[in-house]
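The values are calculated or read from the model by the stated rules, or taken from the named source; none is laboratory data. The model shown is predicted, which means the values in this text are computed figures rather than measured ones. Cβ placement follows ideal geometry from the backbone for every residue including glycine, while neighbour counts extend to all protein chains displayed. Just so you know, the surface numbers come from the protein's heavy atoms only, side chains and all, with ligands and any DNA or RNA stripped out. Shrake-Rupley method; radii C 1.70, N 1.55, O 1.52, S 1.80 Å.
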Amino acid sequence: AYERRFPTCPLIPMFVASDTVNEYKSEDEAIHVIERRCKLDIDAPRLLKKIAGVDYVYFVQKNSLNRRERTLHIEAYNETFSNRVIINEHCCYTVHPDNEDWTCFEQSASLDIKSFFGFESTVEKIAMKQYTSNIKKGKEIIEYYLKQLEEEGITFVPRWTPPVACKLESSTSHIRRPVSPAINIPDSATKEGLNNKEILNTSSSPSEPTAGTPDDKLDADYIKRYLGDLTPMQESCLIRLRQWLQETHKGKIPKDEHILRFLRARDFNIDKAREILCQSLTWRKQHQVDYILDTWNPPQVLQDYYAGGWHHHDKDGRPLYVLRLGQMDTKGLVRALGEEALLRYVLSINEEGLRRCEENTKVFGRPISSWTCLVDLEGLNMRHLWRPGVKALLRIIEVVEANYPETLGRLLILRAPRVFPVLWTLVSPFIDDNTRKKFLIYAGNDYQGPGGLLDYIDKEIIPDFLGGECMCEVPEGGLVPKSLYRTAEELENEDIRLWTETIYQSASVFKGAPHEVLIQIVDASSVITWDFDVCKGDIVFNIFHSKRAPQPPKKDSLGAHSITSPGGNNVQLIDKVWQLGRDYSMVESPLICKEGESVQGSHVTRWPGFYILQWKFHSMPACATTNLPRVDDVLASLQVSSHKCKVMYYTEVIGSEDFRGSMTSLESSHSGFSQLSAATTSSSQSHSSSMISR
């Protein structure tokens, strides 16, 4: 289909003509390389063409087809004005590593304008406009020729096979590839990139996958059992996002079910899903949400007066959570506990919901990734519209929406009173459109009629307070005694205690404004340790030493503390007049850290004095390191960068004698974020011994 666009393509108006200047075919016809000189009519102002003295621009394109490896590499560079402008482009068609019936396409390009008669900026804009336009049409063009082939009756191209079957002379002669039956692997396979380990791996039968490897998960049985119905495109999005996480987090990634929730929440837009998933993983680590069920015990007030709890499951097998909101004293709970304690309790409920979904998936033998919530509003009145209570509710909704997407399968709101529309008006703008579609609201006793509760919950488990026969162990709520109320100061201190159990701090890094932390060392051979996550952008991490203390830092607060998007500070310590090598020195090689990476490491100090840890803006865009489509890279480059990065960090100084028993930390390693991960590997990037950091 790709070859059909030559010698010219009517779908690309600026592609006027092309001539073949060189062609090569291997004897076995596995390799076919063809080089063409392409004539382009660039959409540029007539004045610019006249000044440049040309009407057409010529490019050289080299296409390398490797039928053995099933790849097509396309390279192109400009011939016209090559001494003034350098354009290089590379495209690649390959077979998807997890599904050999899928084709992957990658595209990248570079533009370097040295000089162009004073019109450098204009040429850059024209080049980017043309390139972006061609990228958008690329899929349309290939689909046009695929359809053309189908109309001609060509729907299948036989797989390439060697002219003469070669047998291995070693004892591995009977090992065969899992595809293309009855083809022995030739001796030259190892020379062409297939090592002995890979040859042995190919002997594994598809019906006997190795447990625990990520590539064996997306077979049909796995999808049906754990993920549900996925279209090929959705499955491809999951694999691509998982692959990006594997490369960024060095193998430590969330489970497929969790990744899939974020993809569904953003209609399988990979860029948007990746952004909110990374933010959520950072949030989980900062607030230690992974450990909340094991380490946090709800206060007795919550256990006695919070009228909610888990109650069997609905007809679809989803865990069922019952909340008697009308019987709950929201004002009393907020006054007695504060907003943060309520939020933490709701987070523990959601974590328990995730655990119950996994259990029900095993019990029912089909994927269950969400739960049903039954909210009884009997007793709801104006007391529940108390402003601080509504504020706490809105914040809880905001946090849950950001970090537990697609976990609510259905929300049944029963016995809605007249005051409910007022509450709904306040709350609904904060609820995602996809989530709102799952709401079913019943006024009075409508839930007992057709289309009511019996359509979703078995009669045997309808709670007794709704007219059913099942005893429900959910607390009845009631008024919280005022003797349990606490003052605003007490609540504020309690809130700080709850959420500052995290040892991490947040900082913002700008282009030209790094964030720096000062550490004073009295005893040489002390150990400075660090652990930080790059939440946004790419940064360069440096460590400097100075014999004299820098001036008091210039501190600029950048935002109020927020759970969903923690604010950060920007502190600069190194004075502009200081010179590297005279006033201070670098003690570690700079470490470039990409967006989404988690880095741990340590440095054994050689001298007393002042050490400065620096996080500095790195000019390379974060998306350039991903394996996501190059279209997004180009489109992103057209937009103005905010030149802002965010890091979340923790540092500590340990005496060398105390550090010896904890040598597993003596490294710089990149790892993952969350306990949602099944794997726990990390990759060392320091000069010290390579060990796993936990």
Just checking, does region 133-142 include any residue being at pLDDT 75 or above, among the basic types (Lys, Arg) and farther than 21 Å from residue 1 by Cβ?
no
Please verify whether residue 26 is free of Cβ contacts under 8 Å to residues at least 24 places away in the same chain and open to solvent by less than 70 Å² (accessible area, probe 1.4 Å), treating the condition exactly as stated.
yes
Out of (1) surrounded by fewer than 15 Cβ atoms within 10 Å (Cβ to Cβ); (2) touching a residue at least 60 places away in the same chain (Cβ under 8 Å); (3) in a loop (DSSP other than H, G, I, E, B), the odd one out for residue 54 is which?
(2)
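Please specify each residue of region 592-609 satisfying the condition of being open to solvent by less than 30 Å² (accessible area, probe 1.4 Å) and not hydroxyl-bearing (Ser, Thr, Tyr).
Of region 592-609, the ones open to solvent by less than 30 Å² (accessible area, probe 1.4 Å) are 593, 596-603, 605, 609.
Hits for region 592-609 are 593, 596, 597, 599, 600, 601, 603, 609.
With the structure loaded, tell me whether residue 272 is of a type in the set (Lys, Arg), open to solvent by 10 Å² or more (accessible area, probe 1.4 Å) and without any contact (Cβ under 8 Å) to a residue 24 or more places away in the chain or whether it fails that test.
Details: of a type in the set (Lys, Arg): yes; open to solvent by 10 Å² or more (accessible area, probe 1.4 Å): yes; without any contact (Cβ under 8 Å) to a residue 24 or more places away in the chain: yes.
In short, yes.
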Which listed residue, of 302, 320, is surrounded by 17 or more Cβ atoms within 10 Å (Cβ to Cβ), assigned by the TED database to the domain that holds residue 468, not polar (S, T, N, Q) and not in a helix (DSSP H, G or I):
320
Which listed residue, of 352, 378, 401, is open to solvent by 40 Å² or more (accessible area, probe 1.4 Å) and within 35 Å of the chain's Cα centre (by Cα)
401
